[in-house]
Structure formats: C-alpha cells, structure tokens
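Here is the structure we will look at, set down as structure tokens.
Just so you know, all these numbers are worked out from the coordinates, no wet-lab data involved. No experiment lies behind these values; they were computed from the predicted model shown. When we count neighbours, we look across all protein chains shown, and the Cβ atoms used for this are built from the backbone with ideal geometry, even at glycine.
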Amino acid sequence: RLWRSAAFVLSAARLPDLPRGGREVAFAGRSNAGKSSALNALTGQNSLARTSKTPGRTQLINLFTLGEVGHLADLPGYGFAAAPKAIKVQWVNLIERYFGHRDELAAVVLIVDIRRGLGELDQQLLNWVTPRFLPVHVLLTKADKLSRNAAKQALFQIERELKAQNPLYTAQLFSATAKQGVDEARARISDLLRG
Ligand code: GDP
C-alpha cells in the first residue's frame, strides 16, 4: 500500500530546485545496474522510473513521494563510457553537492549488478557518503542471472567489503525480473526512511 502510493514530484537539475523538509532516501548506481527496474518493482509501477539510455542528456534528480513517510530521490546513473566530458563533470558537481549538502538525506540505496560487484565508481560514491555517517543498503540486482549458490557467494563478498568500511552498511539479493527480495527491500528502506 505504502509503496504503491509512490508518486513522481519533480525533476531537479540543481540542488536548490529540490523541495525542503522531510526525510529522503537516495537511489544511486551505475547506468544499467537495474536502478529503474528496482524502483518500478518496489513501487509496483511499471513506468514510475523511466530508463533513459541517452548518455548525453542533462543529469537530473527525480524525486518521488512515498506516502507521508518521505521522499525517494532517483539520482542520475553513472559510468556511461560514452558520456561526453561535460556531462560527467555535471554529474560529479550535482552528486557531490547532493551528498555534501542535502540535509534531508537519511540513507542511501546503492544498486549494484551482482555480476560486477562494487566498482570504482560505486566506491567513489561511498566515499562521498562516508562523512555523512548515513546507513547504506546495497541491492545486489539481477540475482536471477546467477545460481543460488553463486548469488550467495557474491552477497558474502560484498558484505565483507561493506562491513570493512562501515558496520552499518548492509546488502541483500534482489531481482526485479524474478521479484526476489522485493518485500525485504521495501521493509528495509521504509525503516531507513522512518529513522
Ligand atoms: P538502470 O540504468 O540502472 O536504470 O537499469 P535498468 O533498470 O534500465 O536495467 C538495465 C537492464 O537490465 C535492462 O535491460 C533491464 O531489463 C535489465 N534488468 C534490470 N533488472 C534486472 C533483473 O533483476 N534481472 C534481469 N535478468 N535483468 C534485469
């Protein structure tokens, strides 16, 4: 019910364009990691988060309400090899400012393709989050692409890497396609939003 009530608020190209107040959970991840699919699976809405495969487009933060509980902020994906330099600079500026100054930010959901694991850009993002002392929850997406055992191994591996950085960081298996881990993710994220 709560998740199905998620609704689009606005797209912001600059931090001052975001509304103030309430608590917010940010969704971040490499392009193609499955962030839009995860948001759509969580909200049960097939076109809430639209996937744009255009590397040259303006970098926007898409904001959604989650009932009275707070906001979800869909941050622009990173790691487009083909993205023009100007877009990459724009991304760094927007994201660095967001993590540095967005007081409403309560937690981060990091979307990681289970077959790739934590990459350099994911690590850079975690480094921006670290000074805020905020919880991070990793959705290891596309878990359906691996055997149960391989998926479990990948989860152990990333949990080790995360705990080494901050004991508060957590991870879980997720698949938008197989609808795996959806209820677990909903529960964890609404807990993070409520604080
Ligand atoms: P985004 O760029 O991070 O928003 O990624 P998308 O949600 O657009 O997903 C990128 C590609 O991965 C698309 O082709 C999706 O269909 C596919 N994908 C996303 N989630 C899953 C999943 O859980 N399982 C599988 N097998 N494919 C997925």
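Quick look at the numbers
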read-out	value
Full-extension gain in nm, residue 165 to residue 148, via 0.36 nm per residue minus C-alpha separation	3.5 nm
Assigned charges on the beta-carbon of Lys, Arg, Asp, Glu; region 82-147 dipole about Cα centre (debye)	200
Distance in nm between pseudo-label sites at residue 96 and residue 121 (7 Å out along the Cβ direction from Cα)	1.7
If the convex hull is drawn through the Cα atoms of region 105-151, its volume per residue in Å³	75
Whole-Å semi-axes of the ellipsoid equivalent to the chain (Cα gyration tensor, √5λ, descending)	23, 19, 17
Debye, to nearest 20: dipole size of region 1-113, +1 on Lys, Arg Cβ, -1 on Asp, Glu Cβ	300
Value of [θ]222 nm, deg cm²/dmol, for the chain, DSSP H segments ≥ 4, -39500 (n - 2.57) each, nearest 500	-11000 deg cm²/dmol
Residue 86 versus residue 133: modelled label distance in nm, points set 7 Å from Cα along the beta carbon direction	4.1
